[in-house]
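Trainee: Below is a structure I'd like to ask you about.
The values are calculated or read from the model by the stated rules, or taken from the named source; none is laboratory data. What you are looking at is a predicted structure, and each value in this text was computed from that prediction instead of being measured. Here the Cβ positions follow ideal geometry from the backbone for every residue, glycine too, while neighbour counts run over all protein chains shown.
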Amino acid sequence: MKIKQRTANNVLAIVGLTIVNSKFVILLGICANVRLKFFKCPSIANT
């Protein structure tokens, strides 16, 4: 029982980390896209 609980906890930890990492990557991608748009349109960014 203890071994099964440990493996379940490890799996949950790995899944949680991957979800957090994917959210972080998505946020970074959105930030990069916004920055690119601002650099392409400096007149809009200045206003």
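Trainee: Please identify the pairs in which a residue from the range 16-42 that is among the hydrophobic types (A, V, I, L, M, F, W, C) has its Cβ atom under 9 Å from the Cβ atom of a residue that is surrounded by 10 or more Cβ atoms within 10 Å (Cβ to Cβ) and assigned to a helix (DSSP H, G or I), counting only partners at least 6 apart or on another chain.
Mentor: Matching pairs, first to second residue: Phe38/Ala45; Phe39/Ala45.
Trainee: Out of all the residues in the range 32-40, is one or more surrounded by 10 or more Cβ atoms within 10 Å (Cβ to Cβ) and modelled with pLDDT under 80?
Mentor: yes
Trainee: Quick check: is even one residue across the range 12-29 at pLDDT below 85 and aliphatic (A, V, I, L, M)? Show your work before the answer.
Mentor: Going residue by residue through the range 12-29, those that are at pLDDT below 85 are none.
The answer is no; no qualifying residue exists.
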